[in-house]
Amino acid sequence: MNAVEFDALLDEIQTAALGLSLWNPVLVSISRLFGAHDVALHKDLWKGGGWAVRTGGDDRMVSDYFSYYAGIHPLALRTMSAPAGTVLTDRMIIPRAEFERTEFYAGWVRPNGFDEQLHVRLDNDAHAMVGLSVTRPRGAREFDDAELGLARRIAPHLRRAVTTYERFQELGQTNAHMINALDQMRRGVFGLDADGRVVFANKVARAMLAQRNVLRVENGVLAAVGANQTRMIERLLGSIARGEAASNLSLERPDGRPPLQLEPVRLGGAGSISDLRPSLTLLLLVLDPEVETGDALARLRERYGLTATEAAVAFHAARGKGVAAVATALGIGQGTVRSHLKRVFEKTGAHRQAELAWIVSDTGTIGGTP
């Protein structure tokens with residue numbers, strides 16, 4: 001194998017490590033390199049199970065291996081403590097005559113047309129073994145010293161690539177779970193870097209941007225539709241960048257609906273100058289009081305069996321409003337308010353407005369803008 005071919009193989013390995021392509025092209029190249037019948041990259045969990053990518057065979061082969069044959073694999077069992085980078089052939093591990101008498105050979109090796117086997121131990125810990133298996137068909141020549149040396153050259157690159165790949169997969173899964181969780185929130189969530197650039201926006205935040213009536217993104221930076229409100233956001237971000245305590249921000253809406261409430265949550269210091277991409281330094285939680293009030297009224301109705309109007313009357317009365325003010329807020333008559341309040345007191349067990357305020361507060365419904 002010349003230097004150009006080796007560099008090309010390393011490029012394939014690194015590309016697969018980053019998840020930019022499948023592992024199959026790497027294994028096909030290794031198969032050609034060793035004149036192999038089958039090449040498998042596999043992770044065997046000592047408690048059972050694992051995963052494998054291979055050039056030959058099918059999904060059933062992988063399933064059969066991990067469901068039974070991995071547990072009786074004499075070559076793996078005899079090399080459990082072998083350090084990473086170890087390269088062995090089956091003939092180095094177990095005498096050929098003894099190997100051919102094993103159940104593993106009879107049930108797995110012979111039916112699948114395997115024979116000469118080269119094993120590269122890529123990693124080994126208390127939980128699993130990661131390895132590369134290269135096999136040739138029955139009657140093929142044994143692996144020679146030059147091929148063992150080549151396997152040892154490839155081993156550290158494969159080991160780093162597999163470790164990198166698994167780490168990226170773990171981070172990807174964690175990131176997907178976090179994004180899904182944030183998308184389930186009823187509040188808008190913006191993730192910003194130290195300069196106010198939007199690194200992340202959850203589903204509600206994206207919907208707010210799409211409406212373009214309060215918030216927008218200009219050159220990647222979070223801003224407001226109005227110049228004055230944009231300056232308010234800039235001052236908020238500036239105070240956070242200077243390490244000052246930042247208070248919540250209220251942004252008026254042009255249609256007269258209750259203003260959006262912005263709550264900053266500092267995540268940590270800014271990224272270093274060597275960072276290759278913006279890093280999250282701030283979460284900006286955006287509360288729409290109308291949504292919060294709707295959720296609060298729903299919880300009140302569910303807990304005490306109130307009707308929609310009864311819940312609305314209870315909500316306003318609990319905020320200290322008198323009958324006349326509640327009637328004006330809801331657009332109903334004062335007599336209707338009194339009737340609903342009577343039923344609210346009966347259903348909640350409250351006797352006075354102060355008790356009602358405590359009951360409503362206990363459901364988490366007090367605190368938003370009416």
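For the chain, the solvent-accessible area with a 1.4 angstrom probe is 53 square angstrom per residue.
Loop-only GluC sites (Glu not before Pro) in region 195-258, please: DSSP not H, G, I, E or B, and at most 11 other Cβ atoms within 10 Å.
Glu244
In whole Å, what is the distance between the alpha-carbon centres of region 297-353 and region 145-177? A separation of 64 Å, based on Cα centres.
Quick one: with all protein chains in place, what share of the accessible area of the chain is carbon or sulfur, to the nearest percent (1.4 Å probe)?
Working: 10340 of 19540 Å².
Carbon-and-sulfur percentage of accessible area, whole number: 53.
Annotation for region 64-151: GluC sites (Glu not before Pro) lying in DSSP loop with at most 14 further Cβ atoms inside 10 Å of their Cβ are Glu142. A cut-off under 14 angstrom between Cβ atoms defines the neighbours of Val4, and their net charge, with Lys, Arg +1 and Asp, Glu -1, is -4. For region 1-66, just say rounded, prolate or oblate: build the C-alpha gyration tensor, square-root its eigenvalues into a ≥ b ≥ c, call rounded for a/c under 1.5, and beyond that prolate if a/b exceeds b/c, oblate if not. Because a/c hits 1.5 or more and a/b exceeds b/c, region 1-66 counts as prolate. Taking the structure as given and computing percent of Cα pairs over 29 Å apart, which label from (1) 54; (2) 62; (3) 42 fits? Of the labelled values, this structure produces (2).
In a DSSP loop and with at most 11 other Cβ atoms within 10 Å, the trypsin sites (Lys or Arg not before Pro) in region 1-79 are Lys47. The helix-based estimate of mean residue ellipticity at 222 nm for the chain, built from -39,500 (n - 2.57) per DSSP H run of four or more residues and divided by its residue count, is -14500 deg cm²/dmol to the nearest 500. Diffusion coefficient (Stokes-Einstein, Kirkwood radius over C-alpha pairs, 4 °C, 1.567 mPa s) for region 141-245: 73 µm²/s, rounded to a whole number.
The values are calculated or read from the model by the stated rules, or taken from the named source; none is laboratory data. Source: prediction; values computed, not measured. Cβ coordinates were reconstructed from backbone atoms using ideal geometry, including for glycine residues, and neighbour counts include every protein chain displayed. When the accessible area is computed, the model is the full protein with side chains, heavy atoms only, and any ligands, DNA or RNA have been set aside. Shrake-Rupley method; radii C 1.70, N 1.55, O 1.52, S 1.80 Å.
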